[in-house]
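Just so it is clear, none of the values below were taken in a lab; they were calculated from the coordinates. As the structure is a prediction and not an experimental result, all values here were calculated from the model. Glycine gets a Cβ as well: all are built from the backbone with ideal geometry, and neighbour counts include every protein chain shown.
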Amino acid sequence: MTNMTIDKGPGRRSIETNLLMERLVKLFIAFGIPLFLLSVPTSQLPFDDLTIIQHRLLAIFILAALLWILEPVPVFATSILIITLELMMLSDQGLYSFRFLQNGSTDTATNIEGLMHYNDIFAAFSSPIIVLFLGGFSLAIAANKYALDTNLANV
């Protein structure tokens, strides 16, 4: 038996480097635009009467849309990231810097009105309809794995 080696050649390395650079550019775009949007003061945005909560939610929405469109990370990772960001930025139990608003140059901070309780955020993901869909998908996968679907169709 002879040992066979696969020639990786110089072209393969450049293709891998190009794919890595493409993914990094997509990540930079997907995170850069929402971070820029968060850095813009709410009063400077072209929306009337936009609250700080709506401003943060708009940035999270744009991040989710860009991550789903550009796909620099898998879709399931995007979903988990969005839930985590909502808990950190929109919850009354979130990070300290997102729960309080600094009053100008003074050291006092005021609580932001309209923050959601974390149970309300999780309630959207435990809706009976969502659980029904997940159960149906699980049964369909199990039926397909054990060929139950074809056996029932042949009866």
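Side notes on the structure shown:
- Where labels lie 7 Å past Cα in the beta-carbon direction, separation of Leu45 and Val131 in nm: 3.4
- Cα shape, region 8-67, gyration tensor, a/c 1.5 rule: prolate
- Residue with peak Gaussian network fluctuation, the chain [Cα springs, cutoff 10 Å], from Gln54, Gln93, Gln44: Gln44
- For the chain, relative contact order (Cα pairs under 8 Å, six or more residues apart, normalised by length) works out to 14 percent.
- Placing unit charges on each Cβ (+1 for Lys and Arg, -1 for Asp and Glu) gives the chain a dipole about its Cα centre, and among Phe76, Ile62, Leu38 the Cα reaching farthest toward its positive end belongs to Phe76.
- Estimated FRET transfer efficiency when R0 is 25 angstrom, pair Ala65-Leu38 (beta carbons, to 0.05): 0.95
- Cα-centre dipole for region 15-96 with unit charges at Cβ (Lys and Arg positive, Asp and Glu negative), debye to 20: 140
- Between Ile29 and Ile82, the contour length at 0.36 nm per residue exceeds the Cα-Cα span by 17.4 nm.
- Overall, the anisotropy analysis places the chain in the oblate class: the square-rooted eigenvalues a ≥ b ≥ c of its C-alpha gyration tensor yield a/c not less than 1.5, with a/b not exceeding b/c.
- Ser138-Glu22 FRET efficiency (beta carbon distance; Förster radius 35 Å; 0.05 resolution): 0.50
- Total charge dipole magnitude, the chain, about the Cα centre, Cβ charges on Lys, Arg, Asp, Glu only, Debye to nearest 20: 660
- Calculated [θ] (222 nm, deg cm²/dmol) that DSSP helices of n ≥ 4 give over the chain, each run adding -39,500 (n - 2.57): -21000 deg cm²/dmol
- With R₀ fixed at 22 Å, the C-beta to C-beta distance from Ile121 to Gln54 puts the FRET efficiency at about 0.90.
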